[in-house]
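A quick write-up on the structure given underneath.
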Amino acid sequence: MYYKIIDAEMIEQAHRSGLEILCWTVDDPVKARQLIDLGVTGITTNRPAWLKSNVTRGFHGGPGTAMRNPVSEAFKLTGRAKVLEKGG
């Protein structure tokens, strides 16, 4: 799904229906962080290692997070597909 049309309502509806939201092509770490916070399942990018590094940089957690980094825990690189994909 084109990332510029994704919003919280769309994510909620998809999750209620048991669907995942995969978005493309996000090369901006600020926008990627916003999409992750909304709950997208995966992000396609032209620069996976750089994006992941820049999305996680500066994350210090907040109240109740125990300093965990949800990006590095929830997203992994999937190699040549250049996708940050949620899951184990």
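The values are calculated or read from the model by the stated rules, or taken from the named source; none is laboratory data. Everything numeric in this text was worked out from a predicted model, so none of it was measured. Quick reminder, even Gly has a Cβ in these numbers, built from the backbone with ideal geometry, and neighbours come from all protein chains shown.
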How about segment 25-41: which of its residues are out of contact with any Lys or Arg (no Cβ under 6 Å at 6 or more places or on another chain) and either of a type in the set (A, V, I, L, M) or in contact (Cβ under 8 Å) with a residue 40 or more places away in the chain (or both)?
Val26, Val30, Ala32, Leu35, Ile36, Leu38, Val40
For segment 28-48, does any single residue satisfy the condition of being modelled with pLDDT under 90, part of a helix (DSSP H, G or I), at positive phi and not aliphatic (A, V, I, L, M)?
no
Scan segment 16-31 for residues that are over 15 Å from the mean Cα position of the chain (by Cα) and not hydroxyl-bearing (Ser, Thr, Tyr) and jot them down.
Arg16, Gly18, Leu19
With the requirement that a residue be of a type outside the set (Phe, Trp, Tyr) and assigned to a helix (DSSP H, G or I), what does segment 49-59 give you?
Ala49, Leu51, Lys52, Ser53, Asn54, Val55, Thr56
